[in-house]
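Student: Submitted below is the structure of interest, expressed as structure tokens.
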Amino acid sequence: MARIGVFVCHCGENISATVDCGKVAETIGNLKHVAYSTEYKYMCSDPGQTLIKDAIKEHNLTGVVVSACSPRMHEPTFRKACAEGGLNPFLCEMANLREHCSWVHEKNELTTEKAIDIVRTQVEKVKLNSALQPIKVPVTKTAMVIGGGIAGIQSALDIANTGHKVIMIERSPSIGGHMSQLSETFPTLDCSQCILTPRMVEVAQHPNITLYTYAEVESVEGFIGNFKVKVRKKAKSLDEKACTGCGLCTTKCPQKKIPNEFEQGMGMRPAIYVPFPQAVPNRPVIDRENCTYYIKGKCKICEIVCPTKAIRFDQPDEILELEIGAIVVATGFDIKHADFFPEYGHGRYKDIIDGLQFERLASASGPTAGVIKRPSDGEIPKNIVFIACAGSRDPAKGIAYCSKICCMYTAKHAMLYKHKVHEGKAHVFYMDIRSGGKNYDEFVRRAIEEDHVNYIRGRVSTVFERDGKLIVKGVDTLLGAQQVEIVADMVVLATAGVASSGAEDLAQKLHVSYDSHKFFAEAHPKLKPVETNTAGIFLAGACQNPKDIPDAVSQASGAAVKVAALFSQSELTREPLVAIVNRTSPPTYSTCVGCFMCQSVCPYQAIEREEFKARDGKVVKTVAKINEGLCQGCGTCVALCRSKSIDLLGYSNTQVYAEVVALLNEY
Amino acid sequence: MDNLILRAKELLENKTVQVVIGYEAGPTGVVRPAFISDPANADSLIYDERCVQNLAVYLTKPEVKHLGRIAIVSSLPVMRSIMMLISEQQISYDEIVVLGISADGVLLDIADLSVMQGYIDKSDLSNPVKYKELLAELKKLTPAEKFEYWQKELSKCIKCYACRQACPMCYCTRCTVEVNQPQWISVQSNAHGNMEWHILRAMHLAGRCISCGECGRACPVGIPCHLLTMHLTDQVYNYFKVYAGTSEKMNSVMSTYEPNDKESFIV
Ligand SMILES: Cc1cc2nc3c(=O)[nH]c(=O)nc-3n(C[C@H](O)[C@H](O)[C@H](O)COP(=O)(O)OP(=O)(O)OC[C@H]3O[C@@H](n4cnc5c(N)ncnc54)[C@H](O)[C@@H]3O)c2cc1C
Ligand code: SF4
Ligand code: SF4
Ligand code: SF4
Ligand code: SF4
Ligand code: SF4
């Protein structure tokens, strides 16, 4: 016979201020099968837990209901206390009197009545609980880092340095990400390439890191500790082992007029190319869409000039099947381009550029060798306007968020311009200056005070061309919304940072959530900022939201620690609150009819097929089976199955039913 | 109908199938399903406007499956039921031969699954006209009037489950109503329990009902329970632009999610 113990917590005054805890304990104590019922100020405190442990022994309890706060907070605490008291931890339930009752109601009798009702449901439920055992699953100690920007690089190196294997997947021909395109970096103005390239080389040389560039994730199956990932290694049309990276092919390729992505379209590249001189790996790829041979069937000049005969025109894509224990997503971000702005000419005016283009102009390795020349005629602009918040914080454009990095890089751009064009004038239109961060505000002040950048607080309504000049019209809100008009030679838009292309597709392959802007979603905005809602998949860098290098790097190290912690165990322990499909005796084997709708509805791909065979090996029935390593206990399949063949351990149909019936019945 | 009889004989004689499921007239002239395994008996097969029962319901029955390969006389609703059963992995096309019959009663040459697919593709898959009219009438009622209407209709239900037995998509070996741990649906025939049963049945057929009307025809007390499932057929089409039983590979709308699904029904 059930002997249930009930422990009503005051939570200081959080519960007792509106709920009469004494009355709850007393009323519940009179219920059938309740062997012990008491109240206490703080159940989660040491004495509170001891109360539970002692009562289990003293009253020979078969189940415990702690009537306190949300199980999200203290369920582990009380389960552990029960285990220490000698009771299976899954025979402990929590009745949420705080979030579900005391916090949302006023002090009166009805509130206490409701508290009693909540506890009653849990008493009825716990009577039907069964002792469950935790599930153990093995861990494959190889991590995958998707995306080779600075965040991915940092994460990969940190994981590799703990002694674990890392596989890095980068979809472009080189790692480095956006940081490789930057000229100098705020707030120190050190050269981006100089601090980045040593890290890139370290990745390439690290014995624990395997790097696949020009590769993308094809599919992901499995679960924490046991992912099975298929990766498509796109054909580079090159034997990477034979190639010495001499670069002869890239100089001889007759196709030279392809807009260079790395230079943001401000330079040209051949069809066989290395994206930038410090690329890792420093091996070319053939861009098949633009290669004369693939278009016209004739050319092969690269093949002829290659001294080691490394070109492979018929190379197919390769699919790698990898066993992975944890995944770090570090696919970064993209920015909007000038064509997103009808008010600034839809990208029609050559001298309205975006921030990344400015980075390339300011970069010593860029198309102008670091001289600030405007794209239209190569003149050095004498008057330059920077427009911050281009697209960001603009609900009308569908981007309500702040892109976070633009205030800082705009100050940097204005500064770099002034350092290079001493006699030039730099103007910045801004909404607010957001420069929180170590040495960040000092950096902006320097731009204003030492480099005399003209900061104007207000939005720009329109930019148009007149007599070869760009007319920037805006208001100065600090001068009582006075109209300002600046005649500029060049305009730089600090365009909004947006999710990287393909982010949504990847999120769906990984089964992790993303927000309405297609940025990857963290499991909890405060307490789990690097975890996703899928166990074993972590986030690093700007794939979560636009962020600068220090933030991206710290988060990357955070993600690496999560992976290392996971890999420090040989087995994972999981809560046994999973679904099961019933089994009956032959010839039915299960009431499951094998419609497999549960399989398509399961958000975690946890449902497999099980075949029952006769002696002659003939399959007589195929039914659903839950992989307990994968199942997250969400219960979706339970609700969907028409024949009610699935049940959720710990939340079984009979348990839930008993809770509902308890509410409907008088006591 | 000579063509149908000839074809049935041929299939039985050359042992392509072991049984032909079709219609015949009983001694009193009432049309009933026929299970013919002897070619000599094939002459009793008929097909006319009285042959409305959805024969696909037999395809999932173990005692019928046991007979061997089956040829089945199939009007459009039967073909759609077959598609549905294939997509829900209850039967495979190899186990059957479809003796398709067009809307004007002509024997079709359904050589394989793709021919059947083609025939379904060019057919009107919305609810049959007579039911559409009834549904339109019901739509005119206020919610309170609708509730009253169904209360009254459903109060007649004797919970014989003939509607369920007649429906090809109700193939569960154990129906929810037979679950008594816990007893989700009350056993008694009372206002509350009847409503529970019919809401449950309708929800189980949402996105799966192929609008044959068989459930309503089977009901001994004349409850138009097919209008509930047919209404859901309309709803599912409005939201997801799919009709049930249109492809062997179709995923059930209720168990799949597409990123561009309408979400306007979420309140
Ligand atoms: C104009 C501008 C100036 C800036 N200046 C500064 C500065 O001065 N100081 C500073 O701290 N920060 C600056 N930043 C911010 C800085 O660029 C970012 O913080 C940093 O690049 C974020 O790194 P990441 O690795 O998260 O993303 P990214 O740099 O975007 O790298 C992501 C990588 O993932 C790869 N990838 C994407 N999708 C996939 C996929 N599906 N599969 C495989 N690989 C994929 C990409 O090819 C890329 O290599 C600036 C940004 C801009 C736009
Ligand atoms: S939904 Fe139910 S009946 Fe269908 S396969 Fe899954 S468990 Fe079996
Ligand atoms: S409970 Fe959720 S996660 Fe588990 S098998 Fe069912 S649908 Fe999948
Ligand atoms: S009503 Fe539902 S559970 Fe019952 S047989 Fe039909 S589909 Fe299956
Ligand atoms: S009309 Fe009735 S019998 Fe026909 S498929 Fe729909 S629910 Fe089943
Ligand atoms: S056939 Fe009619 S009476 Fe029988 S259960 Fe169905 S609705 Fe009720």
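The values are calculated or read from the model by the stated rules, or taken from the named source; none is laboratory data. The structure displayed is predicted, hence computed values, not measured ones. Please note: Cβ atoms are built from the backbone with ideal geometry, for glycine as well, and neighbour counts cover all protein chains shown. The area values use the complete protein model at the heavy-atom level, side chains included, leaving out ligands, DNA and RNA. Shrake-Rupley method; radii C 1.70, N 1.55, O 1.52, S 1.80 Å.
Student: Calculated from DSSP H runs of 4 or more alone, at -39500 (n - 2.57) each and per residue, what is the 222 nm mean residue ellipticity of chain B, nearest 500?
Tutor: It comes out at -11000 deg cm²/dmol, rounded to the nearest 500.
Student: Roughly how many nanometres apart are two label points built 7 Å out from the Cα toward the Cβ at A:V305 and A:K228?
Tutor: Taking the two extended label points, one gets 4.6 nm.
Student: Quick one: of the DSSP bridges fully inside the range B:2-121, what percent are antiparallel, nearest 5?
Tutor: Close to 55 percent.
Student: Only Lys, Arg, Asp and Glu count, each charged at its Cβ (+1, +1, -1, -1), so figure out the dipole size of chain A about its Cα centre, rounded to 20 debye.
Tutor: Using only the charged Cβ atoms, the result is roughly 1680 debye.
Student: Distance check, please: which entries in B:K61/B:K156; B:K132/B:K262; A:K438/A:K526; A:K234/A:K509; A:K397/B:K262 exceed 27 angstrom between their Cα atoms?
Tutor: Too far apart for the 27 Å limit: B:K61/B:K156.
Student: Moving on. Work out Dmax and Rg for chain B from the C-alpha atoms and quote the Rg first, both in angstrom.
Tutor: That works out to 19.3, 61 Å for Rg and Dmax.
Student: A plus B alone minus the pair: what accessible area, both sides summed, probe 1.4 Å, in Å² to 100? Walk me through the numbers on the way to the answer.
Tutor: Working: alone 30260 and 14020 Å², together 42460 Å².
Buried area between the two chains comes out at roughly 1800 Å².
Student: Still on this model: With point charges of +1 on the Cβ of Lys and Arg and -1 on the Cβ of Asp and Glu, referenced to the Cα centre of chain A, which listed residue (A:V620, A:L640, A:L87) lies farthest in the positive direction of the dipole?
Tutor: Value computed over the given set: A:V620.
Student: State the extension gain, in nm to one decimal, for the chain segment bounded by A:T588 and A:N88, taking 0.36 nm per residue of separation less the distance between their alpha-carbons.
Tutor: Extra length from A:T588 to A:N88 when fully extended: 176.7 nm.
Student: On a straight-distance basis, which lysines could pair with A:K241 in a cross-link, Cα separation under 20 angstrom, same-chain partners fewer than 8 positions away excluded?
Tutor: In chain and number order, the partners are A:K233, A:K300, A:K309.
Student: Here's something else I'd like to know. Considering only A:S174, A:T477, A:T308, whose Cα is most displaced toward the positive end of the charge dipole of the protein assembly as shown, charges sitting on Cβ of Lys, Arg (+1) and Asp, Glu (-1)?
Tutor: It is A:T308, whose Cα lies furthest towards the positive end.
Student: Next up: Once you order the gyration tensor axes a ≥ b ≥ c over the Cα atoms, which shape class does the range B:171-267 get: rounded for a/c under 1.5, otherwise prolate or oblate by comparing a/b with b/c?
Tutor: Details: a/c = 1.87, a/b = 1.56, b/c = 1.20.
It is prolate, given that a/c is not under 1.5 and a/b is the larger ratio.
Student: Turning to a different aspect of this structure: Modelling each spin label as a point 7 Å along the Cα-to-Cβ direction, I'd like the B:S44/A:E26 distance in nm, to one decimal.
Tutor: 7.9 nm
Student: Also, I was wondering about something else. Sort A:293-304, A:573-584 for me by packing, meaning the mean count of neighbouring Cβ atoms within 10 Å per residue, highest on top. All intermediate terms of the calculation are to be shown ahead of the outcome.
Tutor: On the way: A:293-304: 14.4, A:573-584: 17.7.
Order by mean packing, descending: A:573-584, A:293-304.
Student: Around B:V221, with a cut-off of 15 angstrom between Cβ atoms, what is the net charge of the other residues, counting Lys and Arg +1 and Asp and Glu -1?
Tutor: +4
Student: Determine the gain in length on full extension of the stretch A:D451-A:Q569; use 0.36 nm per residue of separation and subtract their C-alpha separation, reporting nm with one decimal.
Tutor: Numbers: separation 118, 0.36 × 118 = 42.48 nm, distance 5.45 nm.
Full extension of this stretch gives 37.0 nm more.
Student: Given a Förster radius of 22 Å and the C-beta distance between A:K350 and A:T477 as r, what FRET efficiency does 1/(1 + (r/R0)^6) yield to the nearest 0.05? Working shown, then result.
Tutor: Numbers: r = 30 Å, r/R0 = 1.36.
About 0.15, to the nearest 0.05.
Student: Measure off 7 Å from each Cα along the Cα-to-Cβ vector at B:C160 and B:V30, then give the distance between these two points in nanometres to one decimal.
Tutor: 1.0 nm
Student: How big is the antiparallel share of DSSP beta bridges in chain B, given as a percent to the nearest 5?
Tutor: Percent antiparallel among DSSP bridges in chain B is about 55.
Student: Then there is this: So how tilted is helix A:549-567 from the main axis of chain A? Cα-based, degrees 0 to 90, rounded to 10.
Tutor: So the helix axis and the longest Cα principal axis differ by about 40 degrees.
Student: Okay, moving on. Can you give me the Cα centroid spacing of the range A:620-664 and the range B:142-172 in angstrom?
Tutor: That distance is 26 Å.
Student: When you count, for each residue, the other Cβ atoms within 10 Å and take the mean per peptide, how do A:100-111, B:245-256 rank with the highest first?
Tutor: B:245-256, A:100-111
Student: At 0.36 nm per residue, and after removing the present C-alpha to C-alpha distance, how many nm does the segment from A:K528 to A:S376 gain when stretched out fully?
Tutor: Extending this stretch completely gives an extra 49.9 nm.
Student: A further question on this structure: With only Lys, Arg, Asp and Glu charged, each at its Cβ (+1 for the first two, -1 for the last two), find how big the charge dipole of chain B is about the Cα centre; round to the nearest 20 debye.
Tutor: So the dipole magnitude of chain B works out to roughly 700 debye.
Student: With just the Cα atoms of chain A, tell me how far they stretch along each of the three principal axes, in Å, largest first.
Tutor: 90, 78, 42
Student: How many angstrom lie between the Cα centre of the range A:212-267 and the Cα centre of the range A:311-359?
Tutor: 13 Å
Student: May I pose another question? Which residue, A:L356, A:M43, A:A447, has the largest displacement toward the positive end of the dipole of chain A when charges sit on each Cβ (Lys, Arg +1; Asp, Glu -1)?
Tutor: Sorting the options by dipole projection puts first A:L356.
Student: If you don't mind, another one. Among residues other than A:E218 whose Cβ falls under 14 Å from its Cβ, what is the net charge (Lys/Arg +1, Asp/Glu -1)? Present the calculation step by step, with values, prior to reporting the outcome.
Tutor: Numbers: positive: A:R171, A:K228, A:K230, A:R232, A:K233, A:K234, A:K509; negative: A:E216, A:E221, A:D317, A:E318, A:E321, A:D505.
For residues surrounding A:E218, the net value is +1.
Student: Where does the charge balance sit around A:V623 when Lys and Arg score +1, Asp and Glu -1, over other residues with C-beta under 15 Å from its C-beta?
Tutor: +3
Student: FRET efficiency for B:V179 and A:R609, Cβ-Cβ distance as r, R0 = 30 Å, nearest 0.05?
Tutor: That pair, B:V179 with A:R609, gives E of 0.85.
Student: Dipole magnitude of the range B:129-255 about its Cα centre, charges +1 at Lys/Arg Cβ and -1 at Asp/Glu Cβ only, in debye to the nearest 20?
Tutor: 140 debye
Student: Which whole-angstrom value gives the distance between the alpha carbon centres of the range A:141-197 and the range A:472-531?
Tutor: A separation of 22 Å, based on Cα centres.
Student: I would also like to ask the following. If Rh is defined by the Kirkwood formula over all Cα pairs and Rg also comes from Cα, what ratio Rg/Rh do you get for the range B:2-121?
Tutor: That ratio equals 0.93.
Student: Rounded to the nearest 0.05, what FRET efficiency is calculated for A:K296 and A:K241 with R0 set to 25 Å and r the Cβ-Cβ distance?
Tutor: 0.30
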